[in-house]
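Visitor: The following block contains the structure, expressed as structure tokens.
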Amino acid sequence: MKVGIEAIAFYCPEHYIELVDLANARGVDPDKFTKGLGQLKMAVATPMEDTVTLAINAGLKVLKNFNIDPNDIGTLVVGTESGVDHSKPVAVYVHEALGLRSNCHTYETKHACFGAMAAVSSASDWISCGRAEGSKALIVASDIARYPVGDPGEPTQGAGAVAMIISDKPNLLYFDPEIIGNYTKHVMDFWRPLYSKTAFVDGHYSIDCYLNALEGALTDALAKATVPELYKMDKLQACIYHVPFAKMAAKAHHRHFEVDKGEKIDKESEKFADVKKSFNEKTGPWLSLNAIVGNIYTGSLFLSLIDLLRNNTSADLKQISMFSYGSGCAASMSIAYPTPGFEKFKDKINPEPELTARRKLSIDEYENIMKISDSLDIGEAEEFSADEWDLTSDFLYLGSKNHIRQYEGL
Ligand code: HMG
């Protein structure tokens, strides 16, 4: 049985800032953000958009665009590291808003940015072992990435949700169940204590942790293959990665290339031209959405996947690799096969219209939003109005009453 992604949709907050504006406001050379990090724009969630509203909107979009009956969903998982309650999962709000059946297996997963990929693997196993009995799984990766204003991590924020239907009718892509490499290690590269709205990060160390995890997961994946040569880089038309910022995918591909070739290749070496060429063919072109959205944590890898699928045909893509990394840390390297004919669904997965309709914020407006977001949910929040933030979504966070979150549309 082939199991994989039948449908996918991305939902983005309605506002963004330009990273050139942010660089100017922080007194930084704009090239550092646009070339050094590879980021051009950053999605900004207003106080009325939270992980719940992003996840609901993405879930509704995937069901509607692919004409999927909510009664067919037997498992719902929301992968997130920016949930809204220490106890109540985001998934239950999504279950209610989407009108899913009461015997749906519903829960939330957390392992930094790895939470959604972990859910995709579990859902695939649930279907492969026959327990789904024809039902599908809905996996939603929903997050708002937050660092303190002025922090080196500030230009690597973002927000958004990717919803995916995992089933035994994988119209878009199916996974190789044998070749999944795993890696886990206790590291303090990035974390967010229960009392903090923003993440703490040891930035440069986090890059090392990510690359070590990639090497570990890739080595494990190849060790599981009966014929490892079938999964070497020259057999892959695309290599996609977790994308906290676009330049990180270039570093990731460099390490992937080195492991593949079994040698260290410095930037000064002549062979680095081969690394660059390979990156430009297999990874670079599929970072354009990440570059204008920012880090969406659990959904970042899948946003790059959407970019890959919307820009290719079955003739171009036969076999790809997908690397997921979650700080802390855990990682996986998977091999997947785009389904022949996936290009039929290009228009359904392309988020371009919504992204171009976003409204630009000034840095003052963005900083005001960050200030309000910092004080949200401490005691009783006042009720917000959609007009104040110029929002069009049917599902919005209104503030909290008697310590219960209130949502328009729910
Ligand atoms: P920084 O120290 O401000 O930046 O923080 P830098 O000095 O390292 O410069 C960044 C790049 O810009 C460098 O390129 C510079 O050379 C270049 P590189 O050497 O790396 O190729 N640069 C310039 N380029 C052109 N013109 C210029 C210029 N100036 C400098 N004028 C850092 C960078 C990424 C550390 C920071 O943004 C940060 O802490 N980010 C958050 C952490 C992060 O994203 N880590 C990534 C790996 S961990 C991960 O992915 C997990 C995560 O998603 C969380 C989760 O799992 O939940 C974060």
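Visitor: Please enumerate the residues belonging to segment 105-145 that are part of a loop (DSSP other than H, G, I, E, B) and either of a type in the set (Phe, Trp, Tyr) or buried (at least 24 other Cβ atoms within 10 Å of the Cβ) (or both).
Guide: If the condition is that a residue be part of a loop (DSSP other than H, G, I, E, B) and either of a type in the set (Phe, Trp, Tyr) or buried (at least 24 other Cβ atoms within 10 Å of the Cβ) (or both), then 114 is the only one that fits.
Visitor: It is to be established whether one or more residues within segment 256-265 are away from the ligand (no atom under 16 Å from the Cβ) and touching a strand residue (DSSP E or B) at 6+ places or on another chain (Cβ under 8 Å).
Guide: No, segment 256-265 contains no residue that is away from the ligand (no atom under 16 Å from the Cβ) and touching a strand residue (DSSP E or B) at 6+ places or on another chain (Cβ under 8 Å).
Visitor: Out of 302, 279, which single residue is buried (at least 19 other Cβ atoms within 10 Å of the Cβ) and in contact with a His (Cβ under 7 Å, 6 or more places away or on another chain)?
Guide: Exactly one residue qualifies, and that residue is 279.
Visitor: Within segment 308-365, restricting attention to residues that are more than 18 Å from the chain's Cα centre (by Cα) and of a type in the set (Phe, Trp, Tyr), which residue is farthest from residue 162 (Cα to Cα)?
Guide: Step by step, filter segment 308-365, then rank; the result is 337.
Visitor: When residue 405 is evaluated against the numbered criteria (1) of a type in the set (D, E, K, R); (2) at pLDDT 90 or above; (3) surrounded by fewer than 18 Cβ atoms within 10 Å (Cβ to Cβ), which criterion, by number, is the only one it fails?
Guide: That leaves (3) as the condition not met.
Visitor: Sort out which residues of segment 183-220 are closer than 13 Å to residue 81 by Cβ and within 8 Å of the ligand (Cβ to nearest atom), and write them in order of number.
Guide: If the condition is that a residue be closer than 13 Å to residue 81 by Cβ and within 8 Å of the ligand (Cβ to nearest atom), then 190, 199, 201 are the ones that fit.
Visitor: Any idea which of 123, 112 is more than 25 Å from residue 64 (Cα to Cα), in contact with a Ser or Thr (Cβ under 7 Å, 6 or more places away or on another chain) and touching a residue at least 24 places away in the same chain (Cβ under 8 Å)?
Guide: Unique residue meeting the criteria: 112.
Visitor: Considering each residue of segment 141-182, count those that are of a type outside the set (Ser, Thr, Tyr) and within 16 Å of the ligand (Cβ to nearest atom), and give that number.
Guide: Looking only at that region, the number is 20.
Visitor: Out of the residues in segment 76-102 that are in contact with an Asp or Glu (Cβ under 8 Å, 6 or more places away or on another chain) and among the β-branched types (Val, Ile, Thr), state the one that is nearest to residue 136 (Cα to Cα). Show your work before the answer.
Guide: Keep residues of segment 76-102 that are in contact with an Asp or Glu (Cβ under 8 Å, 6 or more places away or on another chain), which gives 77-84, 89-91.
Okay, now just the ones that are also among the β-branched types (Val, Ile, Thr), so 77-78, 80, 84, 90.
Numbers: 77: 12, 78: 14, 80: 20, 84: 26, 90: 19 Å.
Here the answer is 77.
Visitor: Can you tell me how many residues in segment 1-47 are in contact (Cβ under 8 Å) with a residue 60 or more places away in the chain, part of a loop (DSSP other than H, G, I, E, B) and among the aliphatic types (A, V, I, L, M)?
Guide: Counting residues in segment 1-47 that are in contact (Cβ under 8 Å) with a residue 60 or more places away in the chain, part of a loop (DSSP other than H, G, I, E, B) and among the aliphatic types (A, V, I, L, M) gives 5.
Visitor: Which of the helices (runs of 4 or more DSSP H) found entirely inside segment 271-310 contain at least 1 residues meeting this: away from the ligand (no atom under 15 Å from the Cβ) and within 20 Å of residue 154 (Cα to Cα)?
Guide: 288-293
Visitor: Please tell me if residue 161 is in contact (Cβ under 8 Å) with a residue 60 or more places away in the chain, surrounded by 24 or more Cβ atoms within 10 Å (Cβ to Cβ) and either of a type in the set (Gly, Ala, Ser) or not in a strand (DSSP E or B) (or both).
Guide: Considered against the rule, which asks whether it is in contact (Cβ under 8 Å) with a residue 60 or more places away in the chain, surrounded by 24 or more Cβ atoms within 10 Å (Cβ to Cβ) and either of a type in the set (Gly, Ala, Ser) or not in a strand (DSSP E or B) (or both), residue 161 comes out as yes.
Visitor: Take residue 72 and decide whether it is touching a strand residue (DSSP E or B) at 6+ places or on another chain (Cβ under 7 Å), under 27 Å from residue 324 (Cβ atoms) and either aromatic (Phe, Trp, Tyr) or surrounded by fewer than 24 Cβ atoms within 10 Å (Cβ to Cβ) (or both).
Guide: yes
Visitor: Exactly one condition in (1) touching a strand residue (DSSP E or B) at 6+ places or on another chain (Cβ under 9 Å); (2) farther than 21 Å from residue 3 by Cα; (3) within 16 Å of the ligand (Cβ to nearest atom); (4) not basic (Lys, Arg) is false for residue 223; which is it?
Guide: (3)
Visitor: Return a yes/no flag: does segment 339-349 have any residue that is surrounded by fewer than 16 Cβ atoms within 10 Å (Cβ to Cβ) and closer than 20 Å to residue 292 by Cα.
Guide: The initial filter retains those residues of segment 339-349 that are surrounded by fewer than 16 Cβ atoms within 10 Å (Cβ to Cβ), namely 340-341, 344, 346-347.
Now narrow it down to the ones that are closer than 20 Å to residue 292 by Cα: 346-347.
Yes, the conditions are met somewhere in segment 339-349.
Visitor: Inspect all residues belonging to segment 81-92 and state whether any of them is part of a helix (DSSP H, G or I), in contact (Cβ under 8 Å) with a residue 12 or more places away in the chain and in contact with a Lys or Arg (Cβ under 9 Å, 6 or more places away or on another chain). Walk me through how you get there before you give the answer.
Guide: Just the residues of segment 81-92 that are part of a helix (DSSP H, G or I), to begin with: 90-92.
Still in the running and in contact (Cβ under 8 Å) with a residue 12 or more places away in the chain: 90-92.
Applying the additional criterion that residues be in contact with a Lys or Arg (Cβ under 9 Å, 6 or more places away or on another chain) yields none.
No, every residue in segment 81-92 fails to be part of a helix (DSSP H, G or I), in contact (Cβ under 8 Å) with a residue 12 or more places away in the chain and in contact with a Lys or Arg (Cβ under 9 Å, 6 or more places away or on another chain).
Visitor: Here's another thing I want to ask about it. Could you grab the pairs with beta carbons closer than 6 Å, sequence gap of 6+ or different chains, first residue in segment 323-350 and more than 18 Å from residue 312 (Cα to Cα), second one at pLDDT below 95 and within 16 Å of the ligand (Cβ to nearest atom)?
Guide: Every condition considered, no pair remains.
The values are calculated or read from the model by the stated rules, or taken from the named source; none is laboratory data. Computed from a prediction, not measured in an experiment: that's the story for all the values here. Cβ sites come from the backbone with ideal geometry, for glycine too, and all protein chains shown count toward neighbours.
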